[in-house]
Amino acid sequence: MSKITTELLLERAVPRSTRLRKIETLNLSKLQLRTGDLDPRLFSRLRHLQKLDLSDNLLDKFPNSLTLPDLRVLNCNNNKLEDVTALKQFPLLEELTYENNVYLTLNDDYKVMFLLQNLRLLNGKDITKLANHVRRVNSRKLTSKVTAHWEKFFRDQLPEKYTAEQVKSIKKKFLKSVQTNVVYGPSSLSEFTRWRVKMIAEEFLAYSLGLELNSDTELEEKMDENEEESTESPREAAEDVTQVVHIYDPLLTTGAVTVTPSKRKRNHSKSSPGNKRSKSQASTEEEAEDVSAEPLHFLQCHSKGNSREDFKTQLWSCVFEPVLDSGARKDPIVSSSRTVATCGGESVCLIDCETGTVLKKYKVATEEFFSVAWTTLTMEISDSRKKAHNILAAAGRRGIVKLIHVAADFCYGEIKAHKKPIATVCFSPTQETHLFTASYDKRIALWDIGIPDCDYNFKASQLLVLETASIPLRIALVPTCPEQYLLAGCEDGCFAWNIKLDKGQKSRPFEAIFQFPDDESMTTSHRVDGLAFLNDDVVVSKSSKPGCIYLWSWSRSFDAKGKGCQRTMSAVILAELEWSTTDMSYLTLSTCPAKEYVFCGDEKGSVWMYNLSSYTTAWGSAKGKRSERRISPTQILKWPELRVNGEQPPEILVNNVVADPAFTYLVVLTSVNITAIWKKS
């Protein structure tokens with residue numbers, strides 16, 4: 001019978017607890033425990049355990065499924081441990097001690113540094129710099145050597161058309177040869193080197209030959225390169241062909257998802273409601289412009305556990321990476337590359353929109369990412385030299401902001417910003433280190449994330465807290481004064497704050513709430529789940545009122561000279577956009593200011609596009625009047641009838657749709673774990 005019981009766990013909790021799920025610190029030292037005493041079924045109930053002391057016991061290894069998703073500190077001193085690889089099941093581990101385990105060596109230290117991406121302290125020593133070297137430099141060198149070994153000795157041994165038996169044979173020979181001949185580092189680390197070489201070689205074969213990979217090599221948090229690519233070309237996408245989305249995760253199972261669309265028609269059907277648009281300044285209707293956007297790629301790269309059957313992971317946010325040498329803050333047309341960051345579930349992906357290649361992938365176990373944002377920081381690289389680098393912020397359910405230096409494949413830090421989920425984040429366009437985080441705790445916080453030094457040391461500080469009356473869903477800085485005013489669409493209305501930092505008050509209530517038409521009257525109480533600026537003055541917002549998106553004037557709605565806070569102001573409506581009559585919430589909108597476009601997805605997988613260039617001049621005049629008629633979409637991109645493994649995906653909601661500043665690519669994020677990329681012809 002196991003020595004560990006529910007009663008013992010409750011008694012050994014610090015402080016004592018009445019429920020297992022409430023225990024955060026647990027002392028199980030000096031109990032003569034053996035491996036068989038660690039019952040995974042019992043430990044799986046310790047969902048919030050953060051500190052565990054197992055010192056002075058008789059453990060020789062860890063069970064593989066203890067399921068402690070929040071474990072941060074682990075003490076295993078004075079045991080009989082023989083292997084450390086099972087510790088990878090604790091991806092959030094920050095402090096680990098296992099001194100006086102006579103069978104463990106320096107090689108095991110290097111293994112845990114590689115396996116545990118968040119580990120800072122090992123046996124009481126700060127290993128941050130060394131661990132970064134092991135994960136990055138060491139891995140890069142070994143990968144280069146493994147690849148070279150294959151190219152020199154084995155590539156020509158495999159015929160162009162090979163059988164499973166031939167693959168099995170060459171795999172066996174290659175793994176044996178590469179572990180014997182690839183040498184790197186001191187001889188004292190030869191066991192670690194062989195372990196990593198085998199892992200890298202298996203990943204290489206999985207990618208090159210489509211072999212299945214042992215799941216023991218899975219890592220929960222790592223930047224992965226070239227995970228997935230679509231072989232479909234833009235021209236092929238317009239025809240009746242089979243799209244194959246090749247899934248490659250060098251740390252997980254490989255395979256292929258076949259997406260078969262039915263015959264597609266170009267999106268200019270005469271019967272579509274998007275083919276005509278109304279104009280307030282003209283009495284006649286003209287044929288809508290045909291944008292000629294064609295589907296380029298359909299990717300399934302956010303799957304939980306890389307499962308090909310995952311059509312439940314929701315995708316929420318995407319943003320295009322700024323180009324470093326383009327003067328990104330000056331010219332929006334050339335301020336973006338064709339690389340887009342997307343998030344959903346436990347992962348963040350970087351995708352090349354033209355090729356469909358997943359360039360990098362970042363995973364955090366137990367996280368669900370809701371939002372991503374880019375900034376460009378001028379960082380010191382070496383010898384006091386400075387260089388501009390793009391930094392990606394990602395946040396979600398755990399209330400933590402992850403800061404990722406993408407070029408270095410390195411998550412260098414995190415900010416524990418809120419105790420509840422973060423709905424959205426955005427950087428200031430004028431202060432590159434200023435980050436806004438909007439949370440379910442009904443607060444919007446402004447952070448200075450600082451600039452990391454060459455060792456990635458940084459200091460973040462909270463500058464401001466904006467109190468909201470309800471959960472903030474979308475935030476937008478006013479383009480003409482981004483350092484003074486912020487707008488937020490919330491669960492119960494649209495609000496504005498004065499965010500100027502020269503004011504002494506660090507915690508501030510909202511300054512204004514906007515009211516909008518509601519049948520015959522005006523109301524402030526409605527969910528605003530879509531919010532963006534079309535230009536310096538025109539705000540686009542979507543509320544819970546079915547079938548309607550409002551365009552309104554910021555300058556004519558907000559009275560900057562008025563005194564006091566929490567004032568009610570009427571939004572000066574310029575126009576309404578015709579949209580789906582669904583009452584489904586959280587299908588957000590976006591804008592492409594340089595091209596004067598608005599985009600919004602619907603509950604059927606379609607994307608509604610509005611070219612408003614013929615309206616903005618009139619709206620900008622002092623006497624600009626409201627467009628009397630609802631403006632119809634310029635075009636509606638219909639979701640193609642995709643078949644995945646012979647079956648149609650379930651109901652498809654478009655959670656978000658974003659275009660790059662030049663409107664070359666359109667990225668569509670769905671509720672069924674599919675990222676669709678369209679390209680404007």
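The values are calculated or read from the model by the stated rules, or taken from the named source; none is laboratory data. If you're wondering where the values come from, they're calculated on a predicted model, not measured in any experiment. Note that we place each Cβ from the backbone using ideal geometry, even for glycine, and neighbour counts take in every protein chain shown. These area figures cover heavy atoms from the full protein model, side chains too; ligands, DNA and RNA do not enter into them. Shrake-Rupley method; radii C 1.70, N 1.55, O 1.52, S 1.80 Å.
Return the pairs, sorted by first residue and then second, in which the second residue is part of a loop (DSSP other than H, G, I, E, B) and at pLDDT below 85, the first residue lies in region 156-167 and is of a type outside the set (Lys, Arg) and open to solvent by less than 70 Å² (accessible area, probe 1.4 Å), the beta carbons are less than 8 Å apart, and the residues are 6+ apart or on different chains.
Taking only residues 6 or more apart or on different chains, the pairs are Val167/Leu158; Val167/Leu211.
Mind checking which strands (runs of 3 or more DSSP E) fall wholly inside region 473-586 and carry at least 2 residues that are farther than 23 Å from Trp608 by Cβ and either assigned by the TED database to the domain that holds Phe427 or modelled with pLDDT of 90 or more (or both)?
Counting at least 2 such residues, we get 485-490, 493-498, 512-518, 521-523, 567-570.
Only one of (1) open to solvent by 50 Å² or more (accessible area, probe 1.4 Å); (2) free of Cβ contacts under 8 Å to residues at least 60 places away in the same chain is not met by Ser439, so which one is it?
It fails just one condition, (1).
Within region 114-135, work out how many residues are in contact with a strand residue (DSSP E or B) (Cβ under 8 Å, 6 or more places away or on another chain), open to solvent by less than 40 Å² (accessible area, probe 1.4 Å) and part of a loop (DSSP other than H, G, I, E, B).
Matching residues across region 114-135 total 4.
Identify the single condition in (1) open to solvent by less than 20 Å² (accessible area, probe 1.4 Å); (2) without any contact (Cβ under 8 Å) to a residue 12 or more places away in the chain that Thr375 does not satisfy, given that it satisfies every other one.
Against the list (1) open to solvent by less than 20 Å² (accessible area, probe 1.4 Å); (2) without any contact (Cβ under 8 Å) to a residue 12 or more places away in the chain, Thr375 comes up short only on (2).
In region 163-187, how many are touching a helix residue (DSSP H, G or I) at 6+ places or on another chain (Cβ under 8 Å), of a type in the set (Ser, Thr, Tyr) and at pLDDT below 90?
The qualifying residues number 1.
Among what's in region 29-43 and is of a type in the set (S, T, N, Q) and either touching a Cys at 6+ places or on another chain (Cβ under 8 Å) or open to solvent by less than 40 Å² (accessible area, probe 1.4 Å) (or both), pick the residue that is farthest from Phe62 (Cα to Cα).
Result: Ser29.
Might you let me know whether region 354-368 holds any residue that is open to solvent by less than 10 Å² (accessible area, probe 1.4 Å) and β-branched (Val, Ile, Thr)?
Yes.
Has region 54-69 got any residue that is under 15 Å from Leu121 (Cα atoms) and surrounded by fewer than 22 Cβ atoms within 10 Å (Cβ to Cβ)?
No.
Residue check, Lys402 against (1) under 27 Å from Gly344 (Cα atoms); (2) outside any strand (DSSP E or B), all met but one. Which one?
Among (1) under 27 Å from Gly344 (Cα atoms); (2) outside any strand (DSSP E or B), Lys402 violates only (2).
If you take the residues in region 629-647 that are over 9 Å from Val607 (Cβ atoms) and assigned to a strand (DSSP E or B), which one is modelled with the highest pLDDT?
Ile631
Taking the conditions exactly as written (touching a strand residue (DSSP E or B) at 6+ places or on another chain (Cβ under 9 Å) and under 23 Å from Thr193 (Cα atoms)), does Leu20 satisfy them or not?
no
Let's see how each residue does on (1) closer than 19 Å to Leu589 by Cα; (2) free of Cβ contacts under 8 Å to residues at least 12 places away in the same chain; (3) surrounded by fewer than 21 Cβ atoms within 10 Å (Cβ to Cβ):
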site: Pro640; (1), (2), (3): no, no, yes
site: Glu647; (1), (2), (3): no, yes, yes
site: Leu669; (1), (2), (3): yes, no, no
site: Lys679; (1), (2), (3): yes, no, yes
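Give me a count of the residues in region 461-478 that are open to solvent by 40 Å² or more (accessible area, probe 1.4 Å) and either under 19 Å from Arg120 (Cβ atoms) or not small (Gly, Ala, Ser) (or both).
Total meeting the criteria: 4.
Restricting attention to region 70-90, and to residues there that are part of a loop (DSSP other than H, G, I, E, B) and of a type in the set (S, T, N, Q), which single residue is most open to solvent (accessible area, probe 1.4 Å)?
Asn78
Please tell me if Leu104 is within 28 Å of the chain's Cα centre (by Cα) and under 30 Å from Asn457 (Cβ atoms).
So Leu104 does not fit the description; no.
Taking Leu46 as the residue in question, decide whether it is farther than 23 Å from Glu95 by Cβ, open to solvent by less than 40 Å² (accessible area, probe 1.4 Å) and without any contact (Cβ under 8 Å) to a residue 40 or more places away in the chain.
no
Could you figure out which of (1) of a type in the set (Asp, Glu); (2) within 29 Å of the chain's Cα centre (by Cα); (3) within 30 Å of Val73 (Cβ to Cβ) isn't true of Asp109?
(2)
Tell me, yes or no, whether region 196-204 has at least one residue that is at pLDDT 85 or above and open to solvent by 80 Å² or more (accessible area, probe 1.4 Å).
Scanning region 196-204 turns up at least one residue that is at pLDDT 85 or above and open to solvent by 80 Å² or more (accessible area, probe 1.4 Å).
Which condition does Leu577 not pass, out of (1) under 25 Å from Leu315 (Cβ atoms); (2) open to solvent by 10 Å² or more (accessible area, probe 1.4 Å); (3) more than 29 Å from the chain's Cα centre (by Cα), if it passes all the others?
Failing condition for Leu577: (2).
For region 592-608, give me each residue that is over 16 Å from Val539 (Cα atoms) and of a type in the set (A, V, I, L, M).
The answer is Val607, and nothing else.
Could you please find all residues in region 397-438 being aromatic (Phe, Trp, Tyr) and either touching a Lys or Arg at 6+ places or on another chain (Cβ under 6 Å) or over 19 Å from Cys318 (Cα atoms) (or both)?
Phe410, Tyr412
If I ask for residues that are open to solvent by 70 Å² or more (accessible area, probe 1.4 Å), within 15 Å of His149 (Cβ to Cβ) and either part of a helix (DSSP H, G or I) or not assigned by the TED database to the domain that holds Lys145 (or both), which ones from region 173-187 would you list?
Lys173, Lys176, Thr180, Asn181
Could you list all residues from region 4-28 that are surrounded by 15 or more Cβ atoms within 10 Å (Cβ to Cβ), in a loop (DSSP other than H, G, I, E, B) and out of contact with any His (no Cβ under 6 Å at 6 or more places or on another chain)?
If the condition is that a residue be surrounded by 15 or more Cβ atoms within 10 Å (Cβ to Cβ), in a loop (DSSP other than H, G, I, E, B) and out of contact with any His (no Cβ under 6 Å at 6 or more places or on another chain), then Ile4, Ser17, Ile23, Leu28 are the ones that fit.
From the list Lys152, Lys145, pick out the single residue that is charged (D, E, K, R) and either surrounded by 16 or more Cβ atoms within 10 Å (Cβ to Cβ) or under 38 Å from the mean Cα position of the chain (by Cα) (or both).
Lys145
Out of region 480-520, which residues are among the small types (Gly, Ala, Ser) and closer than 14 Å to Leu446 by Cβ?
Selection gives Ala488, Ser507.
Here are some conditions: (1) modelled with pLDDT of 90 or more; (2) assigned to a loop (DSSP other than H, G, I, E, B); (3) surrounded by fewer than 19 Cβ atoms within 10 Å (Cβ to Cβ). Gly605 meets all but one. Which one does it not meet?
That leaves (3) as the condition not met.
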